[in-house]
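The values are calculated or read from the model by the stated rules, or taken from the named source; none is laboratory data. Since we're looking at a predicted model, the values are computed, not measured. Glycine gets a Cβ as well: all are built from the backbone with ideal geometry, and neighbour counts include every protein chain shown. Surface accessibility is based on the protein's heavy atoms, side chains included, excluding ligands, DNA and RNA. Shrake-Rupley method; radii C 1.70, N 1.55, O 1.52, S 1.80 Å.
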Amino acid sequence: MSVGKEQQAEKSIEALLEEQRLFEPFEEFRRNANVSDESIYEEASEDREGFWAKQAERLDWFEKWDKVLDWSNPPFAKWFVGGKLNVSYNCVDRHVKTWRRNKAAIIWEGEPGDERVLTYKDLHREVNKFANVLKGLGIKKGDRVTVYMPMIPELVIALLACTRIGAPHSVVFGGYSADSIRQRVEDAESNLVITADGGYRRGNLLPLKNNVDKALEGNTLVEKVIVYQRGENPEKVHMEPGRDLWWHELMEDAEVYCEPEPMDSEDMLFLLYTSGTTGKPKGVVHTTGGYLTSVTSTAHMIFDLKEEDVYWCTADIGWITGHSYMVYGPLSNGASVVMYEGGPDYPEKDRFWEIIEKYGVTIFYTAPTAIRAFMRWGTEWTEKHDLSSLRLLGTVGEPINPEAWMWYHKYIGNERCPIVDTWWQTETGSILISPLPGVVSTKPGSITRAFPGIEADVLDEHGNSVEPGQGGFLVIKSPWPSMLRTVYNDDQRFIDTYWSNYENTYFTEDTARKDEDGYIWILGRTDDVINVSGHRIGTMEVESAFVDHPKVAEAAVIGRSHDIKGQCIVAFITVKEGVEATPELNDELRQHVATKIGPIARPEKVYFSSDLPKTRSGKIMRRLLGDIAEGRVVGDTTTLADPSVIEQLVKQQQSG
Ligand code: WTA
């Protein structure tokens, strides 16, 4: 970790550790909670495999496993070895066989205000039909299907249909650009892409299909593109003859039943790309039995899901949170899930509160960045609505500052809803650290303690557990069912990134501190990943996008703290000989990055500089760039090849 980050983390953690407030579980909540007895922790740690086997029994298996865990070849774990199951069967068919047949599975609201409710029976029919469509196009078990869709029920249908026939999906977030899609489609070697003509965001239809068309220019592997019609002008949508097919036309004649493919526990369920230190996003591989076991049990225990709950996770399905806690976890539990297509401030800043009131949402799961935006917008928006249906709140994606936690507690939870601050990663598949709401007392800003069956610790660089109050590296010391199995087509990167710091111990790439009560507080990341509004963006990805511009010679990108987003992207750029560093070019470069990667990667600030601060051996000193961006006193510059570079940058920073 760079010294700059350390200093920054140091400051914020000091403030956090002064945080003395403790909230015990509410008595009434505890009485009715799915887990109300603390003994679950001890039982699980005494017999971890037994605990997970019990959790796996929540699922319907076509064939039971022979062995719970095979860890004979670390870090390559196998869970529920020999077991056979199907994810769509568990998320849909088994509910259709009970009274849940007519229960709402998906309660959907489009941004323009259109509404749809799909019961489990409806979902079953659509998933089966679409699975038959996929089969009809020649998609078979093992084929990777890329999905680039807005937040509409068809996205869930597409994913479940893939799982029904055993074709792993690779979802690309709808906010990503053509280049990002191209990279992911190529890496996954997909021959089918599922998309839509658009999706609504702040009143506009996002040009999803155009992005797919651009992404597929020159691609020879993709044979078919299925297009769902969300917009109103299908005649304006370019449909490539022989390649592009309308979803509704394919569905017209599809058979209504498709036999679910019995999948091996360890068959790949999906791929999801995420940013890391090096330029290319990694395809995180999740498998079937372990993943579904973990998301089902964590959703049941952490969100305390009950039959009558109306559950809403605001994450986009393009991220892991959407996969695990909008689709698979809740549906496997037979929950009613609210799904919303658009922005939180459209048409007005009370859209979320309106949705909660309208559908009687009981469980609400969102991100700190959203909470900080709500705080800024003020309580005039929350007061307009009756939020009394809520009984549990969750947060995920980045550290929540105690102030935002208290605001959430007071104004959304009306001081009577437990808050679960859930820590996990794309790689972990499911929540690993979070309070159980009926058991664990919470502290604003702390993710508290590991889920039963998870062995988390904070280690120093020698691999020793740190003393209370000390910081170190957050690790997971034993395997868990939903852990990533590898990086797609790159076992070495899997080993190097996660398993080479400590022996047989998963390195999370996060730093954390433990307090006197053993509670865990996340400080930040150790790698070159910036967490913008809870979304991981690699500095290298942004730097590559900059230097791809013909006028840029060199780029260095860092994360700076931001009141709402948590962190934002700041870039230091040197332009090529003869190029003038104008404000217009500044705007153009920021736009260039947004076009190359997606709007979430648009840099907040670009500094031009005649050179970057480098050591005499040519290494860019990011620590100093961090100091400049944060407006801090700039640290030691004696090792710089040319210290005047810093003066120039400080002047720019001070002049805004
Ligand atoms: C951060 C999102 C603090 C962390 C599910 C992690 C958090 C990265 C929390 C993973 C939390 C996630 N408190 N930090 N509750 N949850 N993070 O892969 O740095 O998009 O490593 O998964 O987000 O981000 P990812």
**OP:** Over the chain, calculate the relative contact order: mean separation of alpha carbon pairs under 8 Å at least 6 apart, over the residue count, as a percent.
**Re:** 14 percent
Subject >> Within the chain: Cβ-based charge dipole about Cα centre, in debye rounded to nearest 20 (Lys, Arg +1; Asp, Glu -1) >> reply: 640 debye
**OP:** Would you mind pulling out the separation of the Cα centroids of the stretch 368-399 and the stretch 29-51, in Å?
**Re:** 30 Å
**OP:** For the stretch 240-282 and the stretch 285-352, write down the distance between their C-alpha centroids in whole Å.
**Re:** 19 Å
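Looking at the square roots a ≥ b ≥ c of the eigenvalues of the Cα gyration tensor of the stretch 120-206, which shape do they give, rounded for a/c under 1.5, prolate if a/b is larger than b/c, or oblate? Mind dumping the intermediate values first?
Details: a/c = 2.55, a/b = 1.18, b/c = 2.16.
In terms of gyration-tensor shape, oblate.
So which of K54/K280; K84/K214; K64/K121; K64/K306; K384/K443; K97/K141 end up more than 31 Å apart, counting from Cα to Cα? List each step's numbers first, then the result.
On the way: K54/K280 38 Å; K84/K214 39 Å; K64/K121 27 Å; K64/K306 27 Å; K384/K443 29 Å; K97/K141 26 Å.
Going by Cα-Cα distance, K54/K280; K84/K214 fall outside the 31 Å limit.
If you filter the stretch 44-134 for trypsin sites (Lys or Arg not before Pro), then keep DSSP loop positions with at most 14 other Cβ within 10 Å, what is left?
On the way: sites: R48, K54, R58, K64, K67, K78, K84, R94, K97, R100, R101, K103, R116, K121, R125, K129; in loops: R58, K64, K97, K103.
Within the stretch 44-134, the qualifying trypsin sites (Lys or Arg not before Pro) (loop, at most 14 other Cβ atoms within 10 Å) are R58, K64, K97.
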Original post:
Rounded to a whole number, what is D in µm²/s for the stretch 423-462 from Stokes-Einstein with the Kirkwood radius over alpha-carbon pairs (4 °C, 1.567 mPa s)?
Top reply: 114 µm²/s
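Per residue, how much accessible surface does the chain expose to a 1.4 Å probe? Answer in Å², no decimals.
Numbers: 25000 Å² over 656 residues.
Spelled out: the 1.4 Å probe surface of the chain, per residue, equals 38 Å².
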Subject >> Cα-only radius of gyration and Dmax that characterise the chain, units Å >> reply: 24.4, 73
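Taking all pairs of distinct Cα atoms, average 1/r, flip it, and tell me the Kirkwood hydrodynamic radius of the stretch 428-513 in Å to one decimal place.
Working: mean 1/r = 0.0715 Å⁻¹.
It works out to 14.0 Å.
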**OP:** Convert each backbone phi in the stretch 430-435 into a coupling constant with the Karplus relation 6.51 cos²θ - 1.76 cosθ + 1.60 (shift: θ = phi - 60°), then list the ³J(HN,Hα) values in order as whole Hz, x for Gly and Pro.
**Re:** 9, 5, 10, 10, 4, x
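Multiply the residue gap between E354 and N414 by 0.36 nm, knock off their C-alpha separation, and tell me the result in nm, one decimal place. Before the final figure, lay out each step's value.
Numbers: separation 60, 0.36 × 60 = 21.60 nm, distance 1.62 nm.
Contour length minus Cα-Cα distance gives 20.0 nm.
So what's the stretch 219-321 giving for Cα Rg divided by 2.2 N^0.38 Å, two decimals? Walk me through the numbers before you get to the answer.
Numbers: Rg = 19.0 Å, N = 103, 2.2 N^0.38 = 12.8 Å.
Output field value: 1.48.
Say R0 is 41 Å: what FRET efficiency, to the nearest 0.05, do Q470 and E249 get from their beta-carbon distance?
Numbers: r = 62 Å, r/R0 = 1.51.
Efficiency, from the Cβ-Cβ distance: 0.10.
Between rounded, prolate and oblate, where does the stretch 180-278 land on the alpha carbon gyration tensor, with a ≥ b ≥ c its root eigenvalues, rounded for a/c under 1.5, else prolate if a/b exceeds b/c? If you can, show how the numbers build up before the last one.
Details: a/c = 1.64, a/b = 1.13, b/c = 1.46.
Oblate, since a/c reaches 1.5 and b/c is not below a/b.
Could you state, as a whole-number percent, how many of the C-alpha pairs of the stretch 539-586 are farther apart than 11 Å? It would help to have the intermediate numbers written out before the result.
Details: 776 of 1128 pairs.
When all Cα pairs of the stretch 539-586 are counted, 69 percent exceed 11 Å.
Using a 1.4 Å probe over the heavy atoms of the protein chains, calculate the carbon and sulfur portion of the accessible area of the stretch 472-626 as a whole percent.
Numbers: 2740 of 5980 Å².
For the stretch 472-626, the apolar C and S fraction of the accessible surface comes to 46 percent.
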Subject >> Nearby lysines by direct alpha-carbon distance to K651 (threshold 21 angstrom, same-chain neighbours under 8 apart not counted) >> reply: K605, K614
Subject >> Amide hydrogen neighbours beyond the local backbone of G198, cut-off 5 Å, H modeled >> reply: L208, K209, R230, G231
Original post:
Which far-off residues, 5 or more places away or on another chain, put their amide H under 5 Å from the one on M263, with H placed in the peptide plane?
Top reply: L85, N86
Subject >> the stretch 507-584 and the stretch 110-159: distance between their alpha carbon centers, rounded to Å >> reply: 35 Å
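Which three numbers, in whole Å and largest first, are the semi-axes of the equivalent ellipsoid of the stretch 30-82 derived from its Cα gyration tensor as √(5λ)? Intermediate values should be presented prior to the final figure.
Numbers: eigenvalues 131, 49, 11 Å².
Each semi-axis is √(5λ); the values are 26, 16, 8 Å.
Could you pull out the trypsin sites (Lys or Arg not before Pro) across the stretch 399-488 that fall in loop regions by DSSP (anything but H, G, I, E, B) with no more than 15 other Cβ atoms inside 10 Å? Intermediate results must be reported in sequence, preceding the final value.
Working: sites: K410, R416, R449, K477, R485; in loops: R416, R449, K477, R485.
The qualifying sites are R416, K477.
Rounded if a/c is under 1.5, else prolate if a/b is larger than b/c, else oblate: which is the stretch 559-656, with a ≥ b ≥ c the root eigenvalues of its Cα gyration tensor?
Values: a/c = 1.84, a/b = 1.30, b/c = 1.42.
In terms of gyration-tensor shape, oblate.
Counting other Cβ atoms within 10 Å of each Cβ, which GluC sites (Glu not before Pro) in the stretch 370-424 have at most 14 and sit in a DSSP loop?
Working: sites: E380, E383, E403, E415; in loops: E380, E383, E415.
Sparse-neighbourhood loop GluC sites (Glu not before Pro): E380, E383, E415.
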Subject >> Partners for K349 among aspartates and glutamates (Cα-Cα distance below 19 Å; same-chain residues under 8 apart left out) >> reply: E109, E111, D114, D316, E341, E357, E380, E383, D386, D563
